[in-house]
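A short write-up of the structure that comes next.
The values are calculated or read from the model by the stated rules, or taken from the named source; none is laboratory data. These numbers come from a predicted model, not from an experiment. Here Cβ is always computed from backbone atoms with ideal geometry, including for glycine, and neighbour counts include all displayed protein chains.
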Amino acid sequence: MPKRSTSFVAVAYMLAYTVSFAALWACIRHLSGDIHPLVLVFYRTFFGTIIILPILLKTRLPSFSDGLYPLYILRGVFNIVSVMGSFIAVSLLPLADAVAFSYMAPIFATILAIFILKEKIGRHRVIAILIAFTGVLLLVRPGFQTINTGILAALGAAGCFAATLICVKLLTRHDSPSIVSLMAFLVALPISFVGALFYWQWPSGEQWGYIVLMGFLSAMAHICLAKALSETDISAIMPLDFVRIIFAAAMGIMLFGDSLNAMTLLGGGIILASAVYAAHRENKLKVKLTDE
C-alpha cells in the first residue's frame with residue numbers, strides 16, 4: 001500500500017476511535033448517577049466481549065509458543081485500570097474536564113515511544129507536542145482548582161492508557177489488530193468482575209440499552225485504535241486524539257446542557273492546531289519519501 005494511502009487509513013481509523021470514545025463517555029455520564037462506575041466497567045467489558053467474540057470465527061488466538069501472553073496480560077491490566085480510572089473521573093468531573101485530563105495520555109505515550117519503541121521524533125513532532133501541551137494546560141488550569149479524587153483518577157488513567165498504547169504497538173507487530181483488541185477484553189473481564197462485586201447492582205429499564213451501547217462503542221474504539229496504531233507510528237497518529245474534545249464538548253452541550261467557556265474554546269483550538277500541524281508535516285514527509 002502506498003505511504004500516502006496508509007497515512008489516510010490511519011487518520012480515518014483514529015477519527016472513528018475518537019467519535020466512539022466520546023460517545024462512550026457520554027453514556028457513562030448518563031448512567032453514573034445511578035450505577036457505580038466500577039459496575040459500569042464490568043458491563044462495558046462484558047458486552048464489549050460479546051460483540052467482539054465473532055472475530056474468533058475468522059482468526060486464531062495467539063500461540064503460547066510465541067511468548068506474547070505476558071505482554072497481553074500486561075496490556076489487559078494497564079487497560080482495565082485505565083478504564084476504571086476514566087469511569088470514576090467521568091462520574092466526578094464535568095465531561096469536558098475529564099476529556100482534557102485524558103489528553104495527557106498521548107503526550108506520555110509519545111515520550112514512552114521514544115525510549116521503549118525507539119521511534120525517531122523530529123523537531124516538528126516536538127513542536128506539535130509542546131503546542132498541544134500548552135492547550136492542555138489552558139484546559140486543566142493547574143493551581144486554579146483543588147486536586148480531588150476525580151482529577152487523580154483521570155491522571156492515573158492517562159498514565160495507564162499511555163502504557164497500554166505502547167503494548168498495543170508492540171503486539172500489533174506480531175498479531176492482527178482484531179486479536180489484540182479481543183485479548184484486551186478477555187484479560188479485562190475477570191478483573192472488572194471482581195471490582196464490580198463490591199458495588200453490584202442490576203440495571204433497570206432503558207439502562208440496559210445504554211449499557212449494550214457502551215459495549216458496542218468500547219469494542220469499536222478498541223478495534224479502530226489498534227488498526228490506526230498498526231498503520232503508523234504512535235507519535236505520528238496520537239495528536240489526532242485531541243480532536244476528541246470537539247466531539248465530547250458537542251455531546252456535552254447537546255445531551256447534558258454543558259456550557260463551553262472561553263478557556264475550553266482556546267485550549268481546544270490550540271490542541272486542534274497542533275493536530276493539524278502534525279498531520280500536515282507527516283503528510284509532507286511521506287510524500288517526499290514516496291517521490292524519492
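For this structure, a couple of remarks:
- The single condition among (1) part of a helix (DSSP H, G or I); (2) modelled with pLDDT of 80 or more that LYS284 does not meet is (2).
- Screening LEU152 on (1) touching a residue at least 24 places away in the same chain (Cβ under 8 Å); (2) surrounded by fewer than 23 Cβ atoms within 10 Å (Cβ to Cβ); (3) among the hydrophobic types (A, V, I, L, M, F, W, C) shows it passes everything except condition (1).
- Of residues in the range 172-213 being surrounded by 11 or more Cβ atoms within 10 Å (Cβ to Cβ) and aromatic (Phe, Trp, Tyr), the one nearest to SER82 (Cα to Cα): PHE185
- Complete set of residues in the range 243-272 that are farther than 22 Å from TRP25 by Cα and at pLDDT below 75: ALA262
- Here PRO62 meets each of (1) modelled with pLDDT of 90 or more; (2) outside any helix (DSSP H, G or I) with one exception, condition (1).
- Among (1) at pLDDT below 80; (2) touching a Phe, Trp or Tyr at 6+ places or on another chain (Cβ under 8 Å); (3) more than 22 Å from GLY156 (Cα to Cα) - the single one LEU95 does not satisfy: (3)
- Candidates in the range 108-129 are the residues that are surrounded by fewer than 19 Cβ atoms within 10 Å (Cβ to Cβ) and β-branched (Val, Ile, Thr); of these, the one that is farthest from PHE247 (Cα to Cα) is ILE116.
- Just so you know, in the range 173-217 the residues that are in a loop (DSSP other than H, G, I, E, B), out of contact with any Leu (no Cβ under 9 Å at 6 or more places or on another chain) and within 28 Å of GLU119 (Cα to Cα) include one that is modelled with the highest pLDDT, and it is ARG173.
- Filtered by the rule that a residue be farther than 16 Å from MET214 by Cα and within 11 Å of the chain's Cα centre (by Cα), the range 83-103 gives VAL99, SER102, TYR103.
- Only residues that are in contact with an Asp or Glu (Cβ under 9 Å, 6 or more places away or on another chain) and either among the β-branched types (Val, Ile, Thr) or at pLDDT 85 or above (or both) were counted in the range 137-168, giving 3.
- Test for ILE52: is it modelled with pLDDT under 80 and either within 15 Å of the chain's Cα centre (by Cα) or crowded, with 17+ Cβ neighbours inside 10 Å (or both): yes
- The set of residues in the range 4-34 that are surrounded by fewer than 19 Cβ atoms within 10 Å (Cβ to Cβ) and either in contact with a Gly (Cβ under 9 Å, 6 or more places away or on another chain) or assigned to a loop (DSSP other than H, G, I, E, B) (or both) comprises SER32, GLY33, ASP34.
- For LEU93, the criteria (1) of a type outside the set (Lys, Arg); (2) more than 19 Å from THR232 (Cβ to Cβ); (3) surrounded by fewer than 18 Cβ atoms within 10 Å (Cβ to Cβ) hold in every case but one, which is (3).
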